[in-house]
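These notes are about the structure you will find just below.
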Amino acid sequence: MTYPSIGLHRVSKTFFRPNSPTTQASGCQALRSVSFQILPGERVALLGASGSGKSTLIRLLCGLEAPDTNQGEILIEGVPLFRAGCRASRSAFGHARAATGVIFQQFNLVGQLSVLENVLVGQCASLPIWRAIGRNFSRDARAIALDCLEKVGLADKADQRASTLSGGQQQRVAVARALAKGSRIILADEPVASLDPASSRRVMKILCDLAAQFGITLLVSLHQTEVAKQFCSRVIALRQGELVLDSLTTELSETVLRNLYGVNAEELLTTSSGGFDVVDSEVLSVA
Ligand SMILES: Nc1ncnc2c1ncn2[C@@H]1O[C@H](COP(=O)(O)OP(=O)(O)OP(=O)(O)O)[C@@H](O)[C@H]1O
Ligand SMILES: [Mg+2]
C-alpha cells in the first residue's frame, strides 16, 4: 500500500507570548485546523501572503515546532509524526527526519566548511551538526556527495569554502545536500526569496527537475504566483492560517487571488524583473 508522503488532519498551531495565559484568545493562531494530503512525487506550491503560516507549516512538518495539543495529526509516509500535539515515538520521529530534507531561504550552510563537507554533513540526519562536522566520511559517502554536486552543476566547487559562493550557488548546495541525504520528501521554505530572478529560475529548475527525475515529493513555499505556476502542478494557499485553496496551478488566476486575498494579493502577483518565462540553455544543460 502506498501512503501519502505528507498527511495533515485538522492541524492547528498557536504561539503564546511568554508568561501569558495559554488560551486561544491570548495567542497568535498561525495555523487553523489545516488538512491536506500530498501524494508521492507531487510538486506542490505553498502560497500565501506574509504571515499566512507557510513557515510554521514547514517547521511542523520537519518537527521543529509541535502543533497544538487538543487535536490533529501529522503523518509522514503514513507514520505519525505528531498525534494530538504529542510527538510520536523516537523511531517515528527518526523515520520522518530520514525521509525529509529541508531547504531554507537563508541557505543554512556552514560557511567555514567546504562545499563537499556541507553536503556530507547532511547525510548525518540523526547527529547534531557539531558531531557530524568532525566525522571521517566513507569513500562511498563522498562519491554520493560529489555526484549530487555534479547534478546541481557545482562539482568544480567541491573544495571551495561555502561562504565564498554566490547566493544561488549556496542554494544549489542546499539542494545537493537534501539529495545526498536520500530525501524522499523535500520541504523548501521560500528557497528563492533571497535570489535575483536568473538565480531563482536556475535553482527552481534544478530542484524541480531533480524531484521529477528521482520521484521526490516537493512542497515549496513561495510568494510569487508566477513561480508556482511555472514549476508546480498543484497549489495549496493559506490565509491567516487557514487553508483557502487546494487546486491545480493552472486554475490560479489574478481574479482567484484577488478574491482570496483582496489588497494583499499584490504581493503574490508582483512579477520579478527578468521574469520566469525565458528558457535558460545553461539551466537545461544541468542535471
Ligand atoms: N515563534 C513565533 N512566536 C510567535 N509568533 C510566531 C512565531 N512564528 C510565527 N509566528 C506568527 O505566526 C504567523 C505565521 O507566521 P509564518 O512565519 O508562518 O508566516 P509566513 O507565511 O511564513 O510569512 P512570510 O511570508 O513573511 O515568511 C505570523 O503572525 C507570525 O507572527
Ligand atoms: Mg515564512
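Laboratory data are not the source of any read-out in this text; all were calculated from the coordinates shown. All figures in this text were calculated on a predicted structure; none of them were measured in a lab. Positions of Cβ are generated from backbone atoms using ideal geometry, with glycine treated the same way; all protein chains shown enter the neighbour counts.
Observations, loosely collected:
- Positions within region 176-206 being buried (at least 21 other Cβ atoms within 10 Å of the Cβ) and under 22 Å from residue 141 (Cβ atoms), in sequence order: 176, 177, 178, 179, 180, 181, 183, 185, 186, 206
- Remark: pairs (first residue in region 224-238, over 18 Å from residue 198 (Cβ atoms); second residue part of a helix (DSSP H, G or I) and within 16 Å of ligand 2 (Cβ to nearest atom); Cβ separation under 7 Å; 6+ apart in sequence or on different chains) = 225/268; 235/228; 238/54.
- If the condition is being over 19 Å from residue 219 (Cβ atoms) and crowded, with 18+ Cβ neighbours inside 10 Å, then region 94-112 contributes only 109.
- Residue in region 2-19 that is within 16 Å of ligand 2 (Cβ to nearest atom) and within 26 Å of residue 191 (Cβ to Cβ) present: yes
- Flag for residue 147 being more than 30 Å from residue 246 (Cβ to Cβ), in a helix (DSSP H, G or I), more than 16 Å from ligand 1 (Cβ to nearest atom) and charged (D, E, K, R): yes
- Residue within region 48-66 that is free of Cβ contacts under 8 Å to residues at least 12 places away in the same chain, under 19 Å from residue 177 (Cβ atoms), within 16 Å of ligand 1 (Cβ to nearest atom) and aliphatic (A, V, I, L, M) present: yes
- Checking each residue in region 44-101 for being closer than 21 Å to residue 184 by Cβ, out of contact with any helix residue (DSSP H, G or I) (no Cβ under 8 Å at 6 or more places or on another chain) and of a type in the set (D, E, K, R) picks out 59, 73, 90, 97.
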